[in-house]
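Some notes on the structure that comes next.
The values are calculated or read from the model by the stated rules, or taken from the named source; none is laboratory data. Bear in mind the structure is a predicted one, so any value in this text is a computation, not a measurement. Neighbour counts are summed over all protein chains in view; Cβ atoms, including those assigned to glycine, are modelled from backbone coordinates with ideal geometry. For the accessible areas, the whole protein counts, side chains as well, though only heavy atoms, and no ligand, DNA or RNA atoms are used. Shrake-Rupley method; radii C 1.70, N 1.55, O 1.52, S 1.80 Å.
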Amino acid sequence: MKPRLFPALLAWLLLATGCSTVATLQPLGEDPVALPEEAWAGTWIHKDGAVTIRVVNPAQGLLEVGWVEESGGRLAMESYTVQLRRSAGWTFGNLEAEGEPGRYLWARVEKEGNQVIVWRPDPGKFKRLVEEGRLPGSVTEDDDVVLQPLSAEQMELLTSEREGVLLEWDDPVVFTRLVP
């Protein structure tokens, strides 16, 4: 599986092509993350290319992430709005799934200086927790997992690592900002 360019970013939010995803029916996280423009705006590179980020609404944790992609022999600009929210010490990036209003792809996001690390959820681990009834949700025919809104106890299960790491920990997407 190779994520598309920004959805490397969210994958940061995970618009992974050809792979199972874990989605929610509302943005994951309790509180929006305050986003200072100077900490997020700019061009960020990763192993597959670059994205440009601008802060759209600092108080609501909204970013616009854009990149250039080749499509049909032409270059085309792509962009998505990403909301950063926090729960239990974790920051989650949320992206409304393309063509699926009310369904959000998400990832854990950690920012340190001019570096952002993004971990996608592990669909197999979430599938098991849903099938066992430990998390509310469903599994589609394509093995996509769709989580219902989570209680505080269920969020704690997700962030505590009691069930092991529920993220693709060994395969993060790492972004480095070129010039602040």
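Could you count how many residues in the range 123-145 are within 30 Å of ALA34 (Cβ to Cβ), open to solvent by 20 Å² or more (accessible area, probe 1.4 Å) and in contact with a Leu (Cβ under 6 Å, 6 or more places away or on another chain)?
1
Looking only at the range 72-95, which residues are within 15 Å of ALA34 (Cβ to Cβ) and open to solvent by 10 Å² or more (accessible area, probe 1.4 Å)?
GLN83, ARG85, ARG86, THR91
Scan (1) out of contact with any helix residue (DSSP H, G or I) (no Cβ under 9 Å at 6 or more places or on another chain); (2) within 26 Å of LEU178 (Cα to Cα); (3) surrounded by 12 or more Cβ atoms within 10 Å (Cβ to Cβ) for the single condition ARG108 breaks and write down its number.
(1) is the only condition that ARG108 fails.
Quick grid of which residues meet (1) more than 17 Å from GLY89 (Cα to Cα); (2) assigned to a loop (DSSP other than H, G, I, E, B); (3) modelled with pLDDT under 95; (4) not aromatic (Phe, Trp, Tyr):
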{"position": "GLY99", "(1), (2), (3), (4)": "yes, yes, yes, yes"}
{"position": "GLY102", "(1), (2), (3), (4)": "yes, yes, yes, yes"}
{"position": "TRP106", "(1), (2), (3), (4)": "no, no, no, no"}
{"position": "VAL116", "(1), (2), (3), (4)": "no, no, no, yes"}
{"position": "LYS125", "(1), (2), (3), (4)": "yes, no, no, yes"}
{"position": "LEU129", "(1), (2), (3), (4)": "yes, no, no, yes"}
{"position": "GLU141", "(1), (2), (3), (4)": "yes, yes, yes, yes"}
{"position": "GLU156", "(1), (2), (3), (4)": "no, no, yes, yes"}
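For the range 26-49, how many residues are among the small types (Gly, Ala, Ser) and in contact with a helix residue (DSSP H, G or I) (Cβ under 8 Å, 6 or more places away or on another chain)?
Total satisfying the criteria: 1.
Would you point out the residue of the range 23-51, among those that are among the small types (Gly, Ala, Ser) and more than 14 Å from the chain's Cα centre (by Cα), that is nearest to ARG86 (Cα to Cα)?
Ranking the candidates gives ALA34 first.
Output the number of residues of the range 158-175 satisfying the condition of being outside any loop (DSSP other than H, G, I, E, B) and surrounded by 13 or more Cβ atoms within 10 Å (Cβ to Cβ).
Counting residues in the range 158-175 that are outside any loop (DSSP other than H, G, I, E, B) and surrounded by 13 or more Cβ atoms within 10 Å (Cβ to Cβ) gives 6.
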